[in-house]
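The values are calculated or read from the model by the stated rules, or taken from the named source; none is laboratory data. What you are looking at is a predicted structure, and each value in this text was computed from that prediction instead of being measured. Cβ coordinates were reconstructed from backbone atoms using ideal geometry, including for glycine residues, and neighbour counts include every protein chain displayed. Note: accessible area is taken over every heavy atom of the protein model, side chains too, but ligands, DNA and RNA are not part of it. Shrake-Rupley method; radii C 1.70, N 1.55, O 1.52, S 1.80 Å.
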Amino acid sequence: MDEYYKIAAAYFKEFEPRGAFPGLKSGHWYLWALSLAFFIYFGYEFFFESAPSFEKTYWQFFASEVAFLLSCGLIAFERFRLTVRATSADSDTKPVERLANSKREKLEELLERPTWKFMATAKEIIELRALEKACRTTSDKDFAELFPKIYDPESKARLLTLMTALIGLVIAFLGKSEALNFMETMGDEGTWAFLKALAQLAAVTFIGGVVSYQVLRQILELVLYLFSSLFPVLHNRQVTLDYLLRDLIRFHRMEPPAPPPVAQAPAETLQLSPRREPGLGTLIAAVCLALIRQPSAPSDNASAKHKTPSDNS
């Protein structure tokens with residue numbers, strides 16, 4: 001697992017370098033700080049300075065929140081532009097494709113695996129991280145593990161049932177009470193105005209809470225990214241590993257089909273004809289040919305002519 005942590009840190013340092021963020025003197029940070037200050041001020045005024053009422057306007061709070069989100073988006077866009085410039089060569093392709101090609105090549109280089117094995121690598125990392133989490137010591141527990149002990153999302157149905165039963169009991173007791181007439185209380189205009197203001201407060205609080213939660217998550221992610229980029233030695237291992245896993249899943253490709261086998265032509269072999277025994281005609285022809293080629297012997301007359309006189313005497 002330590003090897004994957006090292007690979008994730010090297011990959012994160014390559015594509016989230018210190019120079020990928022705008023400089024501190026850039027106007028992006030001034031706009032971000034100004035929008036954050038307005039968001040905090042109007043949020044404090046809305047939630048803490050005075051209780052929300054039906055006549056109170058909320059556009060300042062939501063406008064400051066939208067401005068803060070836009071400033072974060074501008075920083076993210078500038079970071080993307082600087083990252084593309086630092087990690088890929090100039091070409092006619094789109095910046096998104098250039099950055100994707102650079103990341104894919106870097107992953108293949110670091111992992112020494114083709115792109116169609118990225119999914120298997122991601123599954124291996126997830127399984128190893130789950131085992132590492134399960135085998136941790138008691139003192140090395142995460143705060144996120146304590147939250148389900150306070151509130152478990154799976155028990156939402158049971159909590160709603162208990163709340164409905166509690167409201168029913170309260171209404172039943174109020175209906176039987178002689179000091180308080182429930183029907184007259186519900187018919188009063190002040191009661192309906194109070195319930196309307198209470199519903200409006202609940203709706204605005206819910207929407208503001210959800211949006212604030214998303215904003216805080218963006219701030220936390222931005223701070224962790226910035227901290228890991230500015231201080232690579234003190235980077236967050238989970239941030240770099242999650243960054244690696246997202247890109248492994250994103251740049252995974254299907255395995256290319258195997259090439260069809262090449263048909264080889266059979267080797268041509270010379271067929272040797274079976275050996276046949278010579279026939280009678282062949283033997284007679286061979287004997288005649290041998291007799292013709294044999295030199296003839298000298299006759300007796302020729303030998304007599306060549307006798308010497310000494311032989312005649």
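Observations, loosely collected:
- The solvent-accessible area of T282, taken with every protein chain present and a 1.4 Å probe, is close to 80 Å².
- Averaging 1/r across all pairs of distinct Cα atoms in the stretch 1-122 and inverting the result yields a Kirkwood radius of 17.9 Å.
- Ordering of 256-262, 41-47, 130-136 by burial proxy (mean other Cβ atoms within 10 Å per residue, highest first): 41-47, 130-136, 256-262
- Solvent-accessible ranking of F48, F194, largest area first, probe 1.4 Å: F48, F194
- Heavy-atom SASA rank of W32, W192 (probe 1.4 Å, accessible area, largest first): W192, W32
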